[in-house]
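Report on the structure given below.
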Ligand code: GUN
Ligand code: ZN
């Protein structure tokens, strides 16, 4: 048992999905709130005065008007792309070949992988992100480095070795057999170590042979408890390429389905240009899609259909897609989700945006009972936002009539300056 800490401020989290019920029925909010934590867990949330009276032994940390939220959960990132984020002028396939693959080549070095893993986790902590699901590179070293660094920090992370055995340069290809063997060894070594989870990670159909997809499908069948992450229907050129490579497939999703890579624990990144059969199958499976709005505009991929997808049983998470995405910030990512929604005549409410970045992403990972929430019994990952972090935001926030008007300027204009404090696993991390 650690010491008891009582954080006070404006406290908010979600008790239900605001895409499935009126948002007002889905929010837990205390204007003068408190959050009591001990030993890495949340013990209680409620009114500050009542919690103070009931727990006089707790150390009080007062965040004033700061907004205390669950730490942000980024459901799809590539930590190895940290150093090449914001690379100019390309679309998916030439962006991969020009910028991404040369950078990922460097992760054959454990030292370089460790340096970037630490840099990535420093940057994301500064932005209020406490959990993420990351692609690594084909090098087992990249996975070792990421898990070692996240483990030191006590962070709940999921990651996996990115498997590719074709259409990638020499030095960045494995085989069906080594992909299976190395993924299995990493999974058995790391999955369930502290807060670490493994994800089986075929990059996407164009960079795997059918034999490799089949091998990874077999591994998933042996370990159905782990997540499987990949990319699906991000750009139209990519879809045409997949059709050429898999002429017998009914559609892009079928290239995964045929090899055992469609399931409830599957996380399908982007999922923009889908055919009705693909949506119906993902719905039947109760699988999860990950919306990556800064990436989808930055690389020019397209506009995710939030309204359509949230009418199904498909779970949806939100993600930066670092470094195809153009920012580490989940605030900036919520802003982009709002803008993409506007282009589809679907203005997302701030409650929906904040839910996506916390409980929604956690639900996509199957971890809604542990992270993305401030419910008693869940893990003490917390971000505190200063809703007046810059002059521009402060002058707008000063006009706010309620908490939603107060938080929306920070969603639209905020960055790491808005992150007042971060707690990871019950420890102050920022
Ligand atoms: N599709 C396959 N690999 C990648 C990647 O690294 N980033 C993005 N955005 N899409 C991909
Ligand atoms: Zn990606």
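Any idea what the relative contact order of the chain is, in percent, if you count C-alpha pairs under 8 Å spaced at least 6 apart?
On the way: 993 pairs, mean separation 83.8, N = 430.
Here the relative contact order equals 19 percent.
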Original post:
Pairing the Cα long axis of helix 330-343 with the longest principal axis of the chain, what angle in degrees results, from 0 to 90 and rounded to the nearest 10?
Top reply: 70
Subject >> Antiparallel bridges, percent of DSSP beta bridges restricted to region 275-430 (to nearest 5) >> reply: 55
Original post:
For helix 210-222, what angle does its Cα long axis make with the longest principal axis of the chain, in degrees from 0 to 90 and rounded to 10?
Top reply: 50
**OP:** Kindly rank 368-381, 187-200 from highest to lowest mean number of other beta carbons found within 10 Å of each residue.
**Re:** 368-381, 187-200
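For region 286-422, rounded, prolate or oblate, judged on the Cα gyration tensor with a ≥ b ≥ c (square roots of eigenvalues), a/c < 1.5 rounded, else prolate if a/b > b/c?
Working: a/c = 1.61, a/b = 1.18, b/c = 1.36.
Cα axes put region 286-422 in the oblate bin.
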**OP:** Could you calculate the FRET efficiency of residue 283 with residue 62 from 1/(1 + (r/R0)^6), where r is the beta carbon distance between them and R0 is 30 Å, rounded to 0.05?
**Re:** 0.10
**OP:** With a/c under 1.5 counting as rounded, go ahead and sort the chain into rounded, prolate or oblate using the C-alpha gyration tensor (a ≥ b ≥ c being the square roots of the eigenvalues; past the cut-off, prolate if a/b is larger than b/c, else oblate).
**Re:** prolate
Original post:
Any idea how far apart residue 222 and residue 417 come out in nm if each label point goes 7 Å out from Cα toward Cβ?
Top reply: 5.2
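What length, rounded to one decimal in nm, is gained on full extension from residue 115 through to residue 369, with 0.36 nm per residue of separation minus their alpha-carbon distance? List each step's numbers first, then the result.
Details: separation 254, 0.36 × 254 = 91.44 nm, distance 3.20 nm.
This chain segment gains 88.2 nm when fully extended.
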Original post:
Can you give the extra length, in nm with one decimal, that the chain gains between residue 342 and residue 189 once fully stretched, where that is 0.36 nm per residue apart less the Cα-Cα distance?
Top reply: 50.6 nm
Original post:
Roughly what would the spin-label model give for residue 16 and residue 402, points 7 Å off Cα along C-beta, in nm?
Top reply: 1.7
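At 222 nm, what helix-only mean residue ellipticity would the chain give, in deg cm²/dmol to the nearest 500, using -39500 (n - 2.57) for each DSSP H run of four or more? Show your work: numbers first, answer last.
Details: 17 runs with 153 residues, N = 430.
My calculation for the chain gives -10000 deg cm²/dmol from helical runs alone.
Once a ≥ b ≥ c are taken as the square roots of the eigenvalues of the Cα gyration tensor of region 320-367, is the result rounded (a/c under 1.5), prolate (a/b larger than b/c) or oblate (a/b not larger than b/c)?
Values: a/c = 2.01, a/b = 1.12, b/c = 1.79.
Oblate is the answer for region 320-367, as a/c is 1.5 or above yet b/c matches or exceeds a/b.
Calculate the FRET efficiency for residue 90 and residue 53 from the Cβ-Cβ distance with a Förster distance of 45 Å, rounded to the nearest 0.05. Don't skip to the end; give the middle numbers.
Numbers: r = 59 Å, r/R0 = 1.31.
The formula returns an efficiency of 0.15 here.
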**OP:** With a 10 Å radius around each residue's Cβ, average the other Cβ atoms per peptide and rank 304-313, 135-144, 287-296, highest first.
**Re:** 287-296, 135-144, 304-313
**OP:** Using 0.36 nm per residue of separation minus the Cα-Cα distance, give me the extension gain between residue 237 and residue 148 in nm, one decimal.
**Re:** 28.3 nm
Original post:
For region 309-382 and region 89-135, what is the separation of their Cα centres, given in Å?
Top reply: 21
Original post:
Could you state the number of Å between the C-alpha centres of region 150-210 and region 399-428?
Top reply: 34
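The numbers here are math on the coordinates, done by the rules we state, and not lab data. For clarity, every value in this text was computed on a predicted model and none was experimentally measured. As a convention, Cβ positions derive from the backbone with ideal geometry for all residues, glycine included, and neighbour counts pool all protein chains shown.
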